[in-house]
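The values are calculated or read from the model by the stated rules, or taken from the named source; none is laboratory data. Only a predicted model underlies this, so the values are computations on that prediction, with no experimental measurement involved. Note that we place each Cβ from the backbone using ideal geometry, even for glycine, and neighbour counts take in every protein chain shown. Calculation scope for accessible area: heavy atoms of the full protein, side chains included, ligands and nucleic acids excluded. Shrake-Rupley method; radii C 1.70, N 1.55, O 1.52, S 1.80 Å.
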Amino acid sequence: MSTSTAHGAPSPHDTDVLLVGLGPVGAALANLLGRFGLRVLVIDKARAIFEKPRAIALDNEALRILQMAGVREGEFQVVAIPQVQYRSPLFGRFARINSAGIVDGHPALVTFYQPELEQLLRGKLAQYPSVEVRLGVALNGFMDDGSGVFAELTNDDGSTTRVRARYLVGADGASSLVRRLLGFEFEGRSFQQDWLIVDALDVPDPIDHVEFVCDPRRPSPRMVAPGGRQRWEFMLKPGEQAEEMESPQAVRRLLAPWCDSERIRIERTAVYRFHAREARRFSEGRCFLVGDAAHITPPFAGQGLVAGLRDAANLAWKLAAVVHGQAGEHVLDSYDTERRPHARKIIRLARTLGALVMPRSRPAAFVIHGLVSLMRVLPAGRALFEDLKLKPANVFDAGLFWRARGRERLRAGSMLPQGWVRPGTGGAPVLSDDVLGPHWALIGFGVDPAQALPAELMQRWQAAGGKLWQWCQRGQAQHLAPPQRRLEALDEALLPRRVPIGWVAIVRPDRCVLAEGPIEDCEALLREALERISAPAPAGGVHRVAGAAHAS
């Protein structure tokens, strides 16, 4: 990575991707794009990481995406959360989420310290010579002429720079200039209440979980966080002003029922108003939106940053495949098709949980919390919360995949489970994503898919960036692929729990299953996959002028 504020005359396509915004989603996306070998110019008008308390929760999906972006276990602090409790002044604990499990090799739910993660992600960009970061630089405007995006940038000294990129990605937050210049409405609603966020240190008798006190008088979530931190969130009442409530005296008064507030250290405070909004589209032409620029999720589900990381994982490999000539531009259309419906489902989940957390009155609390308490009497109702059935699965309704009726073991359009494996070449056990790498994968379970493919088809697959793998059962001794294409399962994440021996799956670089079936269908599946990936994009282009860049 290079960091600069240099101004220079642009050549055709100065960069593959102009990425606007270097928050956590932008930084994760920049790492993914760098890993795929793209030329990336990242700009951010701020020179420093924002230190105020913001996102605090990540789930197993987010941790897996960070793993894909090169983040290793232990490189930033997390605290695994065993449970999430919901308490009512009328019913006591009326709901509980069991979050103590391990999914795809990662804890189901953790808390983290956002500035530390952002610093880590920015630091990792140094390993990618093709990624340039310019801080103190703002987007002024852009023009998409159908063959590239011409952008005008303003440096913090007032000078301007012009850049031509193949694609532009807006990761510039809730007030996204990219979204506004595209003319996309930001549909949804804002909650009327402000919330005071307090991060504290040296808290006596800290809790080890997340707890929502759903009191209509003042809802108050509380949770443990890394570095000996505890976080509280207090809904402000009508008439309470942010400046007044952020004062040390007011904060200690709010904390007094929970602990000896005079003994703790108040690290940071901030007042936010929560929103539930989404752009009407996440892409147009050569321009894309990710993270809060595309959607804002209220914090009650802990999914705001997680949703943005899903965007990054979905978009990065598609941009790389198109730039490298391994896929047609039509592949990029699937970004909006796949991500926007799921982001909407997550927003709905957060709003549902918000109704539990902040009922408008005691009668409303009695009805809502009472109904949930009754639901938990039944196994199906209890599973909604305790087994996280309430959370929408990350399964696409439509997009770049296909399903064959009666032949669904993994369910195309969902993520391939990650398991512990031992490479055929030897060495210590590793998580399977680390072996599969940033590539397409054709995986045979217990069988070598190469045995079912003609040489010319394997060459086409390799030219498209694909690899062949055999996922063996532990101790398998016959019908083995060469060691460099072999993985030995060390758990039952896939074989035989999810798939039988003799099954094959075509898996995208973001680990979404494109297609699956028996080994007898392997050749037909792969030919269909290559056709869907490489088919030419529809004729016609997009011409869009936004902001000041059209004035050239």
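Counting pairs of alpha carbon atoms under 8 Å apart in space and at least six apart in sequence, what relative contact order in percent does the chain give? Mind dumping the intermediate values first?
Details: 1208 pairs, mean separation 91.6, N = 552.
It comes to 17 percent, rounded to a whole number.
Just to check I understand the Karplus step: with θ = phi - 60° and J = 6.51 cos²θ - 1.76 cosθ + 1.60, what whole-Hz values come out for the stretch 433-447, glycine and proline as x?
Residue by residue, the stretch 433-447 yields 4, 5, 7, 5, x, x, 9, 5, 9, 9, 10, x, 8, x, 10 Hz.
Using label points projected 7 Å from each Cα along Cα→Cβ, tell me how many nm separate Arg281 and Asn98, to one decimal.
4.5 nm
Which of the pairs Lys52/Lys124; Lys345/Lys467; Lys237/Lys345; Lys52/Lys318 have their Cα atoms more than 31 Å apart in this structure?
On the way: Lys52/Lys124 22 Å; Lys345/Lys467 33 Å; Lys237/Lys345 29 Å; Lys52/Lys318 33 Å.
Result: Lys345/Lys467; Lys52/Lys318 exceed 31 Å.
Along Cα→Cβ, 7 Å out, is where each label goes; now give me the distance between the ones at Asp145 and Leu390 in nm to one decimal.
For the pair Asp145/Leu390, the computed spacing is 5.3 nm.
Please work out how much length the chain gains when fully extended from Glu492 to Arg180, using 0.36 nm per residue of separation minus the C-alpha to C-alpha distance, in nm with one decimal. Let's see the in-between values first.
Working: separation 312, 0.36 × 312 = 112.32 nm, distance 4.73 nm.
Gain on stretching Glu492 to Arg180: 107.6 nm.
Taking 0.36 nm per residue of separation and subtracting the Cα-Cα distance, what length does fully extending Lys237 through Ala380 add? Write out the running numbers ahead of the final one.
Values: separation 143, 0.36 × 143 = 51.48 nm, distance 3.62 nm.
Length difference between fully extended and current span is 47.9 nm.
Scan the stretch 471-528 for GluC sites (Glu not before Pro) in coil per DSSP, keeping those whose Cβ has at most 14 other Cβ atoms within 10 Å, and list them by number. Could the numbers behind the result be given before it?
Details: sites: Glu488, Glu492, Glu516, Glu520, Glu523, Glu528; in loops: Glu492.
Taking the stretch 471-528 and a limit of 14 other Cβ atoms within 10 Å, the loop GluC sites (Glu not before Pro) found are Glu492.
What's the ranking of 120-132, 331-343, 15-27 by average number of surrounding C-beta atoms within 10 Å, highest first?
Working: 120-132: 18.4, 331-343: 20.5, 15-27: 26.6.
The densest-packed peptide leads the list: 15-27, 331-343, 120-132.
For the stretch 312-356, give the percent of accessible area contributed by carbon and sulfur heavy atoms, probe 1.4 Å, rounded to a whole number.
Numbers: 590 of 1310 Å².
Solvent-exposed carbon and sulfur of the stretch 312-356 make up 45 percent of the total.
Could you work out the relative contact order of the stretch 437-523? I mean the mean sequence separation of Cα pairs under 8 Å and 6+ apart, divided by the number of residues, in percent. Provide the component values of the computation, followed by the final result.
Numbers: 155 pairs, mean separation 32.8, N = 87.
Relative contact order for the stretch 437-523 comes out at 38 percent.
Per residue, how large is the accessible surface of the chain? Use a 1.4 angstrom probe and give square angstrom.
On the way: 22280 Å² over 552 residues.
Result: 40 Å² of accessible area for each residue.
How far is the Cα center of the stretch 192-242 from the Cα center of the stretch 260-274, in Å?
What the calculation gives is 8 Å, centre to centre.
Using a probe of 1.4 angstrom, how much of the accessible area of the stretch 241-305 is carbon and sulfur, in percent?
On the way: 1250 of 2800 Å².
The value for the stretch 241-305 is 45 percent carbon and sulfur by accessible area.
Extending each Cα 7 Å along its Cβ direction at His324 and Ala46, get the distance between those two points in nm, one decimal.
3.3 nm
Treating only the Cβ atoms of Lys and Arg (+1) and Asp and Glu (-1) as charged, compute the dipole magnitude of the chain about its Cα centre; round to the nearest 20 debye. Let's see the in-between values first.
On the way: 68 positive and 61 negative charges, 234 e Å.
It works out to roughly 1120 debye.
How would you classify the stretch 478-526 from its alpha-carbon gyration tensor, with a ≥ b ≥ c the square roots of the eigenvalues: rounded for a/c under 1.5, else prolate if a/b is greater than b/c, otherwise oblate? Mind dumping the intermediate values first?
Numbers: a/c = 1.37, a/b = 1.21, b/c = 1.14.
Because its axes are fairly even, with a/c under 1.5, the stretch 478-526 counts as rounded.
Rounded if a/c is under 1.5, else prolate if a/b is larger than b/c, else oblate: which is the stretch 344-487, with a ≥ b ≥ c the root eigenvalues of its Cα gyration tensor?
Values: a/c = 3.23, a/b = 2.52, b/c = 1.28.
Prolate, since a/c reaches 1.5 and a/b exceeds b/c.
How much length would be gained if the chain were fully extended between Val367 and Glu523, taking 0.36 nm per residue of separation minus their Cα-Cα distance, in nm to one decimal?
Working: separation 156, 0.36 × 156 = 56.16 nm, distance 5.71 nm.
Here the segment from Val367 to Glu523 would lengthen by 50.4 nm.
Assuming R0 = 35 Å, what is the FRET efficiency of Gln77 and Gln478, from their Cβ-Cβ distance, to the nearest 0.05? Kindly include the intermediate steps, with their values, before the conclusion.
Numbers: r = 46 Å, r/R0 = 1.30.
So the FRET efficiency works out to roughly 0.15.
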